[in-house]
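Trainee: Mind having a look at this structure? Questions to follow.
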Amino acid sequence: MKKQKEEKKDKEKKVENNTSSKKDIIKLPAFITVKELAETLKASVSDVISILIKNGVSAAINDTIDYETAAIVALDLEIETKQEKPKKDDLVLDAKKILAKEDKKNLVDRPSVVTIMGHVDHGKTLLLDTIRQSNVIASESGGITQHIGAYQVKKNGKMITFLDTPGHEAFAAMRARGASVTDIVVLVVAADDKVQPQTIESIKHAQAAKLPIIVAINKIDKKEADPERIKKELSEHGLVPEDWGGKTIFVPVSAKTKEGINNLLEMILLTAEMEELKVNPKDSALGTVLESHIDKGKGSVATILVLNGTLKPMDNFVIGEFFGKVRTMDDFLGKKISKATPAMPVIISGFSGLPQVGDSLQVVKDEQEARIKAAEIIKMRNVKKISPAIKNKPTQDKKYELKIILKADVSGSLEALTESLGKIENPEVAVNIINEGVGDIIESDVFHASSVGGEILGFQVKVTPAARKAAKQAKTKITLYKVIYELIQDVKEKMIAFLPPEIKEVSEGKLKILQIFRSGKGETILGGKVLDGHIYKNSKAKVWRGDKEIGQGVIVNIKKVNKDVKEVKKGDECGLNFRGIKPAEQEIIEAVKEERLKRTTSL
């Protein structure tokens with residue numbers, strides 16, 4: 001009895017301990033390795049990996065997972081968790097947060113950053129060209145800017161930085177990123193046209209970012225120009241002109257004759273003054289990548305917009321998952337400079353790898369710190385996590401797949417293309433970008449495409465002689481493009497071409513059965529009169545009883561006045577050998593043929 005009481009007490013103590021442990025809330029960091037999570041939860045690594053696999057995440061012992069994924073593992077083990085507060089020393093600092101904490105005595109005015117947005121044909125590139133008095137039109141194709149550029153101009157002794165974004169709606173992501181570093185949006189709308197979908201999209205991006213919008217009504221030199229119509233259409237989208245009682249500045253301009261350009265620049269300076277744009281040029285530099293590419297002589301090169309502080313040659317920095325030291329630094333005109341102050345776009349080299357558009361650059365004290373931070377960012381970016389794509393994985397794969405290797409001139413163009421192609425959806429066919437990269441098409445690209453039965457698409461790049469020779473031998477198709485829109489449209493057409501043709505039945509003629517002569521196994525001999533069209537030998541046919549189709553068959557033979565014929569036309573009387581369903585007198589036989597139509601599915 002005494003022994004039983006002791007055992008009962010032990011059990012109660014265990015239950016009490018288990019209950020209290022369940023009540024304990026374990027703190028987990030934003031990112032944690034599988035091994036560290038197992039140790040923290042006091043579970044085996046194999047159990048943690050099993051739970052991850054059950055939730056669609058394939059992770060090894062040293063892989064990193066995010067807090068949300070770790071919390072799901074803990075929940076499966078009946079352990080409650082909460083996320084630790086992030087460390088004060090963020091991996092990538094935010095310029096706005098830093099400036100908010102700055103002593104106002106250290107802050108000075110900076111140039112405004114202006115993004116030009118608008119429809120591809122409304123003249124925004126020519127407007128920029130007129131503003132900066134340099135000819136870039138000749139290097140562009142189809143009137144569309146192929147990747148983001150940055151330029152500076154001086155007006156009334158003050159600098160203005162202009163960003164140029166692609167004008168087609170396919171590059172909403174690039175526009176949005178441009179707006180994230182922008183102070184003012186200049187919306188270009190042609191006075192001789194109407195508000196286009198790209199125009200509306202630009203308005204939405206600017207409004208979502210809570211940015212002031214200045215409307216430049218371009219092409220006022222044309223006879224068809226109607227600025228009042230443009231004002232009316234834009235007012236329907238929340239841009240009400242000041243002279244109508246609204247708050248939006250409208251400036252009539254002509255990029256061709258330069259009329260109104262000075263007024264536009266003055267309105268930008270006035271708006272910038274109201275925004276009170278401040279920075280601390282003495283801080284360590286922070287910036288963002290506007291575009292990046294591989295230069296044969298310099299390696300990885302990027303256009304950086306300095307957001308705060310001053311960037312100098314030999315500065316150590318971390319940028320995304322890479323690190324480096326500023327080896328060369330040129331302004332937007334290609335001139336070497338000794339420092340880059342806030343709102344200045346500069347082209348620098350010295351990266352350990354090619355950074356992505358939108359990556360943040362942060363100057364640090366030495367190379368060691370840069371390496372450590374870059375390693376931490378790699379850890380974050382390679383995190384294994386449960387995503388909606390895994391949770392909602394389709395039960396069946398696509399029937400058809402267009403496999404492509406995509407090469408582009410710069411990372412900005414490449415990102416815009418991959419995001420745009422990723423949005424093309426069809427239940428039967430999909431685009432599979434098996435490989436992508438910046439630079440010319442080389443021999444290894446051809447070997448890769450050939451091995452998987454794919455083709456190569458190049459944007460603003462060249463094909464090396466070795467690659468061209470290999471493509472000819474392997475019969476691998478290479479297509480080059482100068483306009484982004486044409487590449488996307490071509491891919492859509494290629495996807496549609498993958499789909500089997502649509503089969504459509506077309507009526508050729510109708511015959512009324514007047515008499516059944518003989519009906520045997522599977523074949524009927526009958527007489528009738530052609531009511532409409534033509535009836536052909538060996539045609540597929542349907543049998544109709546009133547408005548109801550009762551069966552199908554084949555017209556094996558046709559006789560007209562005891563002679564075999566290949567066809568009879570409207571008004572003719574004839575005899576038929578019909579194989580298929582057994583028809584009856586007064587029923588209608590309709591001869592049909594199948595037409596194979598090219599798919600016209602819109603993507």
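We did not get these values from a lab; they are worked out from the coordinates using the rules stated. For clarity, every value in this text was computed on a predicted model and none was experimentally measured. Ideal geometry is used to build each Cβ from the backbone, glycine not excepted, and the neighbour counts take in all protein chains shown.
Trainee: Mind ranking 124-130, 496-502 by how tightly packed they are, going by the mean number of other C-beta atoms within 10 angstrom, highest first?
Mentor: Put in order of decreasing packing, that is 124-130, 496-502.
Trainee: Quick one: which of 540/598; 194/256; 256/296; 124/296; 570/598; 521/548 span more than 26 angstrom between C-alpha atoms?
Mentor: 256/296; 124/296; 570/598
Trainee: Another question about this same structure. Gain in length, residue 475 to residue 455, computed as 0.36 nm per residue apart minus the alpha-carbon separation, to one decimal in nm?
Mentor: 6.2 nm
Trainee: Subtracting the Cα-Cα distance from 0.36 nm times the residue separation, let me have the gained length for residue 276 to residue 581 in nm, one decimal.
Mentor: 101.3 nm
Trainee: Along the Cα→Cβ direction, 7 angstrom out, place labels at residue 514 and residue 314. What is the inter-label distance in nm?
Mentor: Taking the simple label geometry, residue 514 and residue 314 are separated by 10.8 nm.
Trainee: Right, something else. For the range 508-558, which trypsin sites (Lys or Arg not before Pro) are both in a DSSP coil and crowded by at most 16 other Cβ atoms within 10 Å?
Mentor: 521
Trainee: So if R0 is 22 Å, what FRET efficiency would residue 209 and residue 232 give, r being the distance between their Cβ atoms, rounded to the nearest 0.05?
Mentor: Calculated value: 0.30.
Trainee: Multiply the residue gap between residue 53 and residue 30 by 0.36 nm, knock off their C-alpha separation, and tell me the result in nm, one decimal place.
Mentor: Going from the current span to full extension adds 6.3 nm.
Trainee: What distance in nm separates the two pseudo spin-label positions at residue 597 and residue 466, each 7 Å out from Cα along the beta-carbon direction?
Mentor: 5.0
Trainee: Here's another thing I want to ask about it. Write out the trypsin sites (Lys or Arg not before Pro) in the range 336-377 meeting two conditions: DSSP loop, and at most 10 other Cβ atoms within 10 Å of their Cβ.
Mentor: 365
Trainee: Only loop residues by DSSP count here, and only those with at most 12 other Cβ atoms within 10 Å; note down the GluC sites (Glu not before Pro) in the range 528-603 that meet that.
Mentor: Those satisfying the criteria are 585.
Trainee: With 10 angstrom as the radius, rank 217, 79 by how many other C-beta atoms surround their C-beta, starting from the fewest.
Mentor: 79, 217
Trainee: Follow-up question, since we're still on this one. Order the peptides 400-407, 244-251 from the highest to the lowest mean number of other Cβ atoms within 10 Å of their residues.
Mentor: Ranking, from highest mean packing down: 400-407, 244-251.
Trainee: For every other residue with a beta carbon closer than 12 angstrom to the beta carbon of residue 111, add +1 if it is Lys or Arg and -1 if Asp or Glu, then tell me the sum.
Mentor: Summing Lys/Arg as +1 and Asp/Glu as -1 gives +1.
Trainee: Under a point-charge model restricted to the Cβ atoms of Lys and Arg (+1) and Asp and Glu (-1), what is the dipole moment magnitude of the range 254-350 relative to its Cα centre, in debye to the nearest 20?
Mentor: 540
Trainee: Here is the link list: 231/258; 339/365; 204/247; 492/593; 537/563. Which ones come out longer than 19 Å on Cα distance?
Mentor: Violating the 19 Å Cα-Cα cut-off are 231/258; 492/593.
Trainee: On the principal axes of its Cα set, how long, how wide and how thick is the range 502-597? Give whole Å, largest value first.
Mentor: Projected onto its principal axes, the Cα set of the range 502-597 covers 38, 24, 23 Å.
Trainee: Sticking with the crude label model, points 7 Å out along Cα→Cβ, report the distance from residue 294 to residue 338 in nm, one decimal please.
Mentor: Inter-label distance under the simple model: 3.5 nm.
Trainee: Further question on the same structure: Return 75, 41 ranked ascending by Cβ neighbour count within 10 Å, so the fewest neighbours appear first.
Mentor: Placing the least packed residue first, the sequence is 75, 41.
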